[in-house]
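Here's the structure, in structure tokens; my notes come after.
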């Protein structure tokens, strides 16, 4: 009798241990009372989520069953088996290795049994049950493939998408195929059971059902929510559309409007608000960071029969006479073909030496053409992005014999089309004195570029766009240190006053043929912002950008990461991004490139938000 009692107590003890964490585990398990919201409704669980190794673990059975999955717990082997649709997931308590349809996957932290419940990392839920999971800082929000018809109507570039707009109770989902057709009439796609490869006029992307990762032109982008596939249709959230296509969204009642540029960008667009910034003060005078010769070809901007009477002319000119064997160049151009027929524009080098050959090397650049109304999205922003991302296209090395000319790059431009280009290259020669010229040329005939007269086209004195040559393609400036929790402060760059280094007086070109460049087109502008954080705790500061003279857009690299500033209405509209300061001292390194066609100055505001 006594032996039976001892055995009974032992069995009870073993069973109790099988549903308890060890002392070591218990000390590292911290309950966190975080609401779990599934499809817009709070999920009721008998135990709260827990924190383990700085990871949130959630009660797996309650969440899995809320999606309609079948869950089986084997107390002997401590295995959890989950089945949903055609997917079987097996987890082993205290093991970081799980299997999905027989394939092993690794978890951030292993599942645990705590208070008689199995807990798994919240990230694992999204990877295994095709859920969209977001941690808002206050709650865990999950949405499942439980789509229903939405009352919203969706318009893309003023085209109404069909009636199959869906919602999961929280987010609006748009039928992807109809969306793509509205963006690009030439789109096509190839589907498999899990993926969809989309070919657009300007690029290619591949999406995977249930995955936030999207491959755009061989570069991975992470979206806020994963696409959902239902039968033969794919659905994407509004935030997905904004992330992938750089769309601007607005709503009015039950109508949702997207404006989507036809260019696919690799960098995210900053969010915008109808908010004005603090009145900015002028930035202190910057310094020129390099000696690259900058040739600006933007006047005349409109190539018409009046501005180019013979339908061919030299548009910009850099005469080089240097006592050095290597000279770095940048050529930036911005012209609209209004000649009534197709035209060709070229960057040409004329070797004026009678004895020394030249080599054009290290060439790289970007160009875009587009109907003029799409200049910001199709031309200006893509060139700024390519420059900041250092994704310029390489140009072959060119040898130029003494007394001859060569085309470095040429462009065919249809009538009523805008052309923008930026090219960097280096000219080398063995002689003691370089003697050559760089030109931009336009012709509407089949004439050889080298036969076009070097006489410059007349300046357009009414539309005073820049033209000329300056030393330097990068400016650098440091702002006064900003202390967190102090009032917002703003500065104005490319203001035409304190940082007007590209004046006629500073130009290397003939002053009578030069128009100043106060907007710093074709340059990159680096701005350092020292941050002082004396609070002893993390602080979030907000950078806000606003055009001060007209519609502004451009690119900005923030501590090495490129973002795009969409076209902003002057003064009243701004784009912003938040940055968290953890240490007592920090430095924000910004690098701007203003998009061609943007209006300057640009205001930069720094403030503390929390």
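For residues that are outside any loop (DSSP other than H, G, I, E, B) and over 13 Å from residue 545 (Cα atoms), tally how many sit in region 594-610.
Final tally of qualifying residues: 1.
Condition check ((1) outside the structural domain of residue 579 (by TED's automatic domain parsing); (2) free of Cβ contacts under 8 Å to residues at least 40 places away in the same chain; (3) touching a helix residue (DSSP H, G or I) at 6+ places or on another chain (Cβ under 9 Å); (4) within 25 Å of residue 329 (Cβ to Cβ)) across all residues:
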site: 444; (1), (2), (3), (4): yes, no, no, no
site: 448; (1), (2), (3), (4): yes, yes, no, yes
site: 452; (1), (2), (3), (4): yes, no, no, yes
site: 455; (1), (2), (3), (4): yes, no, no, yes
site: 461; (1), (2), (3), (4): yes, yes, no, no
site: 481; (1), (2), (3), (4): no, no, no, no
site: 489; (1), (2), (3), (4): no, no, no, no
site: 497; (1), (2), (3), (4): no, no, no, no
site: 500; (1), (2), (3), (4): no, yes, no, yes
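List the strands (runs of 3 or more DSSP E) inside region 349-442, counting only whole elements, that have at least 1 residues being at pLDDT 90 or above and within 33 Å of the chain's Cα centre (by Cα).
Those strands (runs of 3 or more DSSP E) span 358-371, 393-395, 405-413, 417-429.
Kindly indicate which of 40, 68 is modelled with pLDDT under 70, surrounded by 12 or more Cβ atoms within 10 Å (Cβ to Cβ), under 29 Å from residue 167 (Cβ atoms) and within 36 Å of the chain's Cα centre (by Cα).
Just one listed residue meets the conditions, 40.
Residues to consider are 375, 403; find the one that is surrounded by fewer than 21 Cβ atoms within 10 Å (Cβ to Cβ) and not assigned by TED's automatic domain parsing to the domain that holds residue 563.
403
Can you say whether residue 456 is surrounded by 13 or more Cβ atoms within 10 Å (Cβ to Cβ) and farther than 23 Å from residue 386 by Cα, as far as the supplied structure shows?
yes
Kindly provide the set of residues from region 514-534 that are within 23 Å of the chain's Cα centre (by Cα) and surrounded by fewer than 20 Cβ atoms within 10 Å (Cβ to Cβ), ordered by number.
Within region 514-534, 526, 528 qualify.
Any residue at all in region 149-168 that's surrounded by 15 or more Cβ atoms within 10 Å (Cβ to Cβ), under 24 Å from the mean Cα position of the chain (by Cα) and at pLDDT below 75?
No, the conditions are met nowhere in region 149-168.
Of (1) touching a strand residue (DSSP E or B) at 6+ places or on another chain (Cβ under 9 Å); (2) part of a loop (DSSP other than H, G, I, E, B); (3) in the same structural domain as residue 594 (by TED's automatic domain parsing); (4) closer than 26 Å to residue 573 by Cβ, residue 507 satisfies all except one. Which?
The one condition residue 507 does not meet is (4).
Please work out if residue 186 is within 30 Å of residue 370 (Cα to Cα), out of contact with any strand residue (DSSP E or B) (no Cβ under 7 Å at 6 or more places or on another chain), surrounded by fewer than 19 Cβ atoms within 10 Å (Cβ to Cβ) and at pLDDT below 85.
So residue 186 passes the test.
Given the residues 46, 108, which is the only one that is within 39 Å of the chain's Cα centre (by Cα), farther than 17 Å from residue 142 by Cα and either outside any strand (DSSP E or B) or free of Cβ contacts under 8 Å to residues at least 12 places away in the same chain (or both)?
Every option except 108 fails the conditions.
Within region 312-335, track down each residue that is surrounded by 16 or more Cβ atoms within 10 Å (Cβ to Cβ) and farther than 19 Å from residue 467 by Cα.
Answer for region 312-335, where residues must be surrounded by 16 or more Cβ atoms within 10 Å (Cβ to Cβ) and farther than 19 Å from residue 467 by Cα: just 327.
Please give the number of the condition residue 387 fails out of (1) crowded, with 19+ Cβ neighbours inside 10 Å; (2) touching a helix residue (DSSP H, G or I) at 6+ places or on another chain (Cβ under 6 Å).
(2)
The values are calculated or read from the model by the stated rules, or taken from the named source; none is laboratory data. Everything numeric here is computed off the predicted structure, so don't read it as measured data. Glycine also receives a Cβ, built like all others from the backbone with ideal geometry; neighbour counts cover every protein chain displayed.
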